[in-house]
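To start, the structure itself, in structure tokens.
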Amino acid sequence: MKKLVRNTLMLAALPLAVATAYAAPAKKQAASAAPAAPTLSAEDKAATGKVYFERCAGCHGMLRKGATGKNLEPANTTKLGQARLEKVLAYGTEGGMVNFDDILSKKEIANMATYLQMPAEAPPEWSLADIKGSWKLLIPVDKRPTKQMNNVNLNNIFSVTLRDSGEVALIDGDTKKIWAVIKTGYAVHISRLSTSGRYVHVIGRDGRYDLIDMWTEMPTTVATLKAGFEARSIETSKFKGYEDKYAVVGSYWPPQYTILDGLTLEPLKNVSTRGNTVDGNYHPEPRVASIVASEHKPEWVINIKETGMIKLVDYSDLNNLKEITVNSAKFLHDGGWDSTKRYFLVAANASNKVAVVDTQEGKLAALVNTAKIPHPGRGANFKHPKFGPVWATSHLGSDVISIIGTDPENNKDNAWKVVQELKNHGANSLFVKTHPKSENLWADAPLNPDAKLAGSVTVYKISELGGDAKPEILDLAAAADLGKTKGIQRVVHGEYNEKGDEIWFSVWTGNKTEASAIVVVDDKTRKVKTVIKDKRLVTPTGKFNVYNTMHDIY
Ligand code: DHE
């Protein structure tokens, strides 16, 4: 956790509208403020608002209500006072707040301490009309090829986030060569695939959404829009009859999800997620976390972070949109399907729970208690030698991998409980991974403050999990041989190739001026097969194999 904020630094340049909102003098507040109330000049306030948006909002929220990070409203911050806040900002805390003394100047830290004691101001809204205004259909559907115009094995392409350069690299998994580098929004958070496997959908942290066609001779962006000022999730429609028809994008700000035409990105419907939390209190900023598409129904599972509500959204009739709202726990973050794709498991990270929703019945199946701060990515499904079908998550707050039984029909006693906790090589893990053809379960720990742990992965042999399983720990940062770098070399996000016989990890230095790499490990021998190094590979983080992402294989 400690490094979480640091790793979310460097967002896109602040949109002008937001900058203006920050700069706007708050006349009312100034008039009613007590004489000694902390204040900044309009210029400092605008600059500090930009820093807040870039470095703090991901964890603390735009309105500073808190989620992954603490509530930073004046009621709390003024109690701490200027000196204490400056200290926390400079040196961090044991509770997970990162230190900023190496990133921000003394003046910036002092200004931020003041800014946090001033009332939070809401950035502007971004309506359906705004989204429509930003929409560009670069190549209409009838001007696109009707067959694949290249000889690339699209199923084994990896869409790789080049976080700090605002691009994705499409890497050919067969040749390990970069096929294309495509300009996108800033720090693309995830890539998802159209059901046909033809289109890559990518969402930038700055809300820019790009649709990339892979049937053209070289991959081409065919449509783009701005869904909001901050976003993390997208998904396509996967139910029979709706393949490639719709897409959905979830925004952090404004808190809303937007349904789009899947082939053109034409914005069709915008739904606010503001409302009451599971505790019954109104929340003005319930951000959209993970989204998955059902293969069994025309339905998306849309997880609302701050409210702890899981929305099952039926997209078969957009004019009469039906939503089932499932109460779970706070704060919802990332998750994935079980192997049958009936149950969706999502981390409720502040509650140290995994919520399980039964999408067949449209209700909560269980809230599973876990170790501190589960963070699964999409998790890992496999057959445990003792407990039957299971799903695994690693943890930000604990050095364990939790294994949860997922088969209430044939393994009822094991279902929806942690049946085993395996030791991970460190806490501060983000992702676990396996593949139906693999015998291995992998976990990273990229946010660990210890460079050695952040650069390593743990791997277990699944068949040994019923007995005395001994993990192997591989130092993949060392294997990448990048030499000395200023930033820690974080090994993050395992992703399998189409065949399931290689697992790829990013070695992310967190600094766009320094070299990064992707290490390809032979899954059987666990030996490094290839290290992909290329000047264009700037801060790679998430990797999404086309075939595995299309079919939710994890
Ligand atoms: Fe992520 C998934 C939000 C920080 C890399 N991240 C997700 C999802 C959400 C989310 C809601 C699920 C999307 C889905 O499945 O639809 N991430 C956030 C944050 O709010 C947070 C904590 C802070 C922030 O400001 O963004 C955050 N995430 C990070 C990083 O610092 C990471 C390591 C590097 C980066 O590129 O920003 C990072 N997040 C990822 C990746 C996934 C992801 C690679 C997809 C995992 C998968 O296998 O599907």
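Values quoted throughout were computed directly from the atomic coordinates according to the rules given, and no laboratory measurement underlies them. It should be emphasised that the depicted structure is a prediction, and the values quoted were computed from it without experimental measurement. Heads up, the Cβs are rebuilt from the backbone with ideal geometry, glycines too, and the neighbour counts pull from every protein chain shown.
Okay, here's what the table says:
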| read-out | value |
| --- | --- |
| Mean ellipticity per residue at 222 nm, deg cm²/dmol - from DSSP H runs of n ≥ 4 across the chain, formula -39500 (n - 2.57) | -4000 deg cm²/dmol |
| Per-peptide average of other Cβ atoms within 10 Å, ordering 314-323, 332-341 highest first | 332-341, 314-323 |
| Rough spin-label spacing in nm, given labels placed 7 Å along Cα→Cβ, for Glu421 and Thr513 | 4.3 |
| Local electrostatic count at Thr325 - Lys and Arg +1, Asp and Glu -1, tallied over other residues with Cβ under 11 Å | +2 |
| Binned Cα-Cα distance frequencies in the range 39-126 - 10 Å width, integer % | 18, 58, 23, 2 |
| Mean-position separation - Cα centroids, the range 480-527 and the range 227-254, in angstrom | 28 |
| Total formal charge among the other residues, if their Cβ is under 9 angstrom from that of Ile203, Lys/Arg +1 and Asp/Glu -1 | +3 |
| Among the listed pairs Lys177/Lys461; Lys176/Lys499; Lys512/Lys533, those beyond 18 Å (Cα-Cα) | Lys177/Lys461 |
| Hits among lysines - C-alpha to C-alpha of Lys311 under 16 Å, sequence gap 8 or more where chains match | Lys269, Lys297, Lys322, Lys330, Lys363 |
